[in-house]
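The structure under discussion appears below in the form of structure tokens.
The values are calculated or read from the model by the stated rules, or taken from the named source; none is laboratory data. Treat the numbers as computed from the prediction; the structure is a model and nothing was measured. Quick reminder, even Gly has a Cβ in these numbers, built from the backbone with ideal geometry, and neighbours come from all protein chains shown. These area figures cover heavy atoms from the full protein model, side chains too; ligands, DNA and RNA do not enter into them. Shrake-Rupley method; radii C 1.70, N 1.55, O 1.52, S 1.80 Å.
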Amino acid sequence: MTEDKPLVTIQGVHKFFGDHHVLKGIDMTVKPGEVSVIIGPSGSGKSTLLRCINLLETISAGRIYVHDDLIGFKEVNGKLHDLNTKSIAAQRREIGMVFQRFNLFPHKTALQNVIEAPTQVKRQSKAAAKLKALELLEMVGLSDRADFYPSQLSGGQQQRVAIARALAMEPELMLFDEPTSALDPELVGDVLEVMKNLAKSGMTMIVVTHEIGFAREVGDTLTFMDGGVVVESGPPREIISNPQHHRTKEFLSRVL
Amino acid sequence: MELINAVPVRHPGRWIGAAIILIAVALMIQSLVTNTRFRWDIVRTYLFDVLIINGIGWTLILTATSMIIAIVLAIVLAFMRQSDNPLFRYVSWVWVWFFRGTPVYTQLVFWGLVSTLYPKIILGVPFGPEWFSFDTSTLITATFGAIVGLGLNESAYLAEIFRAGLKSVDNGQMEAAEALGMRRSKVMWRIILPQAMRVIIPPTGNETIGMLKTTSLVLAIPFTLDLTFVSNTLANRTYLPIPLLIVAAIWYLVITSVLMVGQYFIEKHYGKGVDNVMKAPVKATEVAAAAHAHPMNTTNGTTEGGK
């Protein structure tokens, strides 16, 4: 894994929902180990972009590569073919996703949530998966909550379980879709702390968030999106302290 | 701290209502006891009659087997209806349209007449060689017709119940599971269906109780061993319809009550993590009692190694 070769390459990506043009030509790269933070007003297309990387949405034009794999299609003699469900599932295994609303499985305990995919998808033994899951729950500070159902956990705890669940598949890329937006303010810190530690451990992360402080402290790149385009992108401190574009200035003045 | 001990609101209307109901019930009991035309002696004689008990057995067999067939089919039909495959969706829709659109009585009469319609069933290549054949009447007996007829009809209703249940599960569940790399069929079976069961169980219990009584229609086939048919036969033989109707009604009530108890426990099972989780603070004594059973109440309790 060379440092310079990007893990994620997004080239000229467009996305239409019917007539609604949500992404209007996005170009972006994320290197291995990089923490790429995307900010922008609601409706700017930042969540849609994230969902396209994980195939929760299909792009209308352009290409997305993760690790040289073309996401969602295979190219045969210059013609794109839809991937079958098996190949799509295989691509998704390499990419972890954390949702705004956690989406834990409510009928399963925290531990069962974490071991579900390793045992069902990777066919790991239950014992091995459990061992690993308890390690992950320990890492997110919830080893004493392993047997709790999601409804017995606070929002922040649920989100940390969700992070552990995604990490259990040992992805090379983690996507965070506004992971703290649904949380009470006093619970945000714990989740950000877990994400910060994850970044330190070298995980490649793309984070859509409104937490400018997190972007400044943890992010390697900050991308500001508005109206379906990347308005500007660069080192977080520079962009936050000295935004070049008036839309970035305007947005930052409202959220800071 | 002074605990509030307020005088509760009085409800004189409730007391009056209760009194009226009590009087009505007393009058009914009096008439049940004093009206000799109920013939309680006959009810007692036939309540445990071997023919009646046999009839109950057959009614239970018909109910259970046809419901099992219906549930299996309904899961398949509901999954097909949610599938990406348009052929599956179409087949499922037509199935429900047909079996829900024709009376169950008509369907049962039809199953009784299949052997008249097709006296022989021949397996082979159309217009080509014939591999083997058999008489339809040996395959489609009255029992077979009753079970299949009731099961197929019920599957259409249950399919709609299951479909509603699957739709009630938040879309985020499918997304989260798919994002973990799980295949759609696995997500449906392991993530969506178990959550949908919470919504599916109550109306399915309702349908099961309905089926218990729908089995009385199997005389259309004709199938003549179920509880209603047997009690009617006995009533005709003895010229005593009222006590035998009561016998049948008592047994239907007993079975329904047992089914309701079963439903309670099934609902409890599928409500885990959602319904039967203690979230609100409870009384101190209950906390102490539940502390061992439930990790919720142990502050920073030990981790039990998960089941």
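What to note about this one:
- Scanning the stretch A:95-130 for residues that are open to solvent by 10 Å² or more (accessible area, probe 1.4 Å), charged (D, E, K, R) and either facing chain B (nearest Cβ under 8 Å) or without any contact (Cβ under 8 Å) to a residue 12 or more places away in the chain (or both) turns up A:Arg101, A:Lys108, A:Arg123, A:Lys126, A:Lys130.
So that you can scan it fast, the table gives a plain yes or no per residue for (1) at pLDDT below 50; (2) open to solvent by 30 Å² or more (accessible area, probe 1.4 Å); (3) within 14 Å of chain A (Cβ to nearest Cβ); (4) closer than 28 Å to A:Leu134 by Cα:
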| position | (1), (2), (3), (4) |
| --- | --- |
| B:Leu227 | no, no, no, no |
| B:Val230 | no, no, no, no |
| B:Ala248 | no, no, no, no |
| B:Ser257 | no, yes, no, no |
| B:Met278 | no, yes, yes, yes |
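- Residue match in the stretch B:200-217 (condition: open to solvent by less than 30 Å² (accessible area, probe 1.4 Å) and within 14 Å of chain A (Cβ to nearest Cβ)): yes
- The conditions of being of a type in the set (Val, Ile, Thr), modelled with pLDDT of 95 or more, farther than 17 Å from B:Val104 by Cα and open to solvent by less than 10 Å² (accessible area, probe 1.4 Å) are not met by B:Ile161.
- Which listed residue is over 30 Å from B:Thr238 (Cβ atoms) and either open to solvent by 90 Å² or more (accessible area, probe 1.4 Å) or over 22 Å from the mean Cα position of the chain (by Cα) (or both), from B:Ile23, B:Ile52, B:Ile75: B:Ile23
- Unmet requirement for A:Val140, which otherwise passes all of (1) more than 11 Å from chain B (Cβ to nearest Cβ); (2) surrounded by fewer than 21 Cβ atoms within 10 Å (Cβ to Cβ); (3) touching a residue at least 40 places away in the same chain (Cβ under 8 Å): (2)
- Answer residue from the stretch B:166-175, given it is within 13 Å of chain A (Cβ to nearest Cβ) and either hydroxyl-bearing (Ser, Thr, Tyr) or in contact with a helix residue (DSSP H, G or I) (Cβ under 8 Å, 6 or more places away or on another chain) (or both) and is most open to solvent (accessible area, probe 1.4 Å) among those: B:Ser168
- Just one residue in the set A:Lys5, A:Lys15 is of a type outside the set (Gly, Ala, Ser) and at pLDDT 95 or above; that residue is A:Lys15.
- Residue-level check: of (1) more than 7 Å from chain B (Cβ to nearest Cβ); (2) among the small types (Gly, Ala, Ser); (3) open to solvent by less than 10 Å² (accessible area, probe 1.4 Å); (4) within 22 Å of A:Val188 (Cα to Cα), A:Ala133 misses just (4).
- Any hit, the stretch B:80-95, residues being within 30 Å of A:Glu170 (Cβ to Cβ) and touching a residue at least 12 places away in the same chain (Cβ under 8 Å): yes
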